[in-house]
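The values are calculated or read from the model by the stated rules, or taken from the named source; none is laboratory data. Keep in mind it's a predicted model, so treat the numbers as computed, not measured. Here the Cβ is made from the backbone with ideal geometry for all residues, glycine too, and neighbour counts use every protein chain on show.
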Amino acid sequence: MYRTVAHQADIAIGVEADSLEGLFQESLAALIDLLTNGEAANVSGEELETFMIEADGFDNEVLLVGLLSELLFASQTLKWGPRKIVSVNLVPNARVSAIISGLPDGGGERLCREIKAVTYHYLKITHFDLWRVSIVFDV
């Protein structure tokens, strides 16, 4: 689950999940939702192809920013239209990969919102009863 958070000139979201892997998956889903203005679910399954993104890092925050940045790169530079997370494979504090289904060349559609970068501003993954993170995107 995610929610948008009021923030100056950028987009900030708060994400929470039952597991660390789930937190990464929910963060990816939130970014896809922001990029597609919630329209990602309106594509039938047979049109979709899978795409893999991955990141390495020395802690979970670096892994999360790296993975989200790879999704931004694929969607904006390669013009790939992400729609749904198939799986996330996480080795905490070391490596993460995700398989995402989507439309090659964006399915002829442009993204609804341009997000320039994922930032480290206020980024801290915490765990008490749930795993939580706040993520700020530069728009």
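Kindly establish whether F51 is of a type in the set (F, W, Y) and either assigned to a strand (DSSP E or B) or surrounded by 19 or more Cβ atoms within 10 Å (Cβ to Cβ) (or both). Write out each step before concluding.
Values: of a type in the set (F, W, Y): yes; either assigned to a strand (DSSP E or B) or surrounded by 19 or more Cβ atoms within 10 Å (Cβ to Cβ) (or both): yes.
In short, yes.
Looking for whichever is exposed (fewer than 13 other Cβ atoms within 10 Å of the Cβ) and either modelled with pLDDT of 95 or more or not hydrophobic (A, V, I, L, M, F, W, C) (or both) here; the options are K79, K124. Which one fits? I'd like the intermediate steps shown before the answer.
Working: K79 fails: exposed (fewer than 13 other Cβ atoms within 10 Å of the Cβ).
Among K79, K124, only K124 is exposed (fewer than 13 other Cβ atoms within 10 Å of the Cβ) and either modelled with pLDDT of 95 or more or not hydrophobic (A, V, I, L, M, F, W, C) (or both).
Does L28 qualify as being at pLDDT 95 or above and surrounded by 11 or more Cβ atoms within 10 Å (Cβ to Cβ)?
Working: at pLDDT 95 or above: yes; surrounded by 11 or more Cβ atoms within 10 Å (Cβ to Cβ): yes.
Yes, satisfied.
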